[in-house]
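Colleague: Okay, handing you the structure first.
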Amino acid sequence: MSRRLLYAGACAALLLTGCLVPERFTARTAFQSDGSYEYSYAGTAVHTLAAGQMANGNKLGPKAEAGMHDQAANLERNGEIRQAAYNGNARYDLSVEGRRQPGQALDLLGMLRIRTGPDRVLTLQAGKLDDKEKASMAALGIKLEGKLSVTVPISAEVLSHNATSTPSFFGLFGTYSWKIGSLEQRPEMTIRFKK
């Protein structure tokens, strides 16, 4: 297998295995009345393996730095990743946009997970970190800071949420939003769409 194919596979695995974790970001999700939705993420993400190496006092060598730049270029080949730029210090700038059909799941950097149950109740929640994972992220100097906004059509029923702000005037104006400033915050929301 060629090195290029190995790199492409490794990059795809980065997003799936959680080697890239969000740090500073703005994320949005907009639901339609049929349960389909669009989502976006703009911000930084940390490559945890590289950050771990740096936290142990090891500097990334020129070859490793070049590999991180190559990974950014390969990430951009994913149709939903609009921009990926390596900025050094194990950090990437990412811009991600996508669309899902009703019932299609989403796992966006472990930060945002969307699933629909058989009862047509959609669950949106942040990935859950155990105490060991939180301690590891703190040791790597990863500080979560961001904003998540969710737009829900009037025809849908919001069953529960822990948003820090909600739409005004009977839900007609604005979004459900979360201002995230620590690893302890975990946005959650359940929505039922009418058939």
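The values are calculated or read from the model by the stated rules, or taken from the named source; none is laboratory data. This one's a predicted model, so the numbers in the text were calculated from it and none came from an experiment. Cβ sites come from the backbone with ideal geometry, for glycine too, and all protein chains shown count toward neighbours. The protein model used for the area step is the full one, side chains on, heavy atoms only, and it has no ligands, DNA or RNA in it. Shrake-Rupley method; radii C 1.70, N 1.55, O 1.52, S 1.80 Å.
Colleague: Considering every residue within region 176-185, establish whether at least one is closer than 15 Å to F31 by Cα and surrounded by 12 or more Cβ atoms within 10 Å (Cβ to Cβ). Let's see the steps before the verdict.
Modeller: Within region 176-185, the first condition is being closer than 15 Å to F31 by Cα, and the residues that meet it are 176-177.
The next check asks that each one be surrounded by 12 or more Cβ atoms within 10 Å (Cβ to Cβ); those that pass are 176-177.
Checked region 176-185: at least one residue is closer than 15 Å to F31 by Cα and surrounded by 12 or more Cβ atoms within 10 Å (Cβ to Cβ).
Colleague: Right, something else. In region 29-38, how many are open to solvent by 10 Å² or more (accessible area, probe 1.4 Å) and within 14 Å of E80 (Cβ to Cβ)?
Modeller: The total comes to 1.
Colleague: Could you tell me which residue of region 182-195 is modelled with the lowest pLDDT, considering only residues that are of a type in the set (D, E, K, R), outside any strand (DSSP E or B) and touching a strand residue (DSSP E or B) at 6+ places or on another chain (Cβ under 9 Å)? Steps first, please.
Modeller: Initially, region 182-195 is screened for residues of a type in the set (D, E, K, R), giving 184, 186, 188, 192, 194-195.
Okay, now just the ones that are also outside any strand (DSSP E or B), so 184, 186, 194-195.
Within this subset, residues satisfying the condition of being touching a strand residue (DSSP E or B) at 6+ places or on another chain (Cβ under 9 Å) are 186, 194.
On the way: R186: 87, K194: 81.
Result: K194.
Colleague: Give just the number: which of (1) loosely packed, with under 15 Cβ neighbours inside 10 Å; (2) over 22 Å from L159 (Cβ atoms); (3) of a type in the set (D, E, K, R); (4) modelled with pLDDT of 80 or more does R115 not satisfy?
Modeller: (2)
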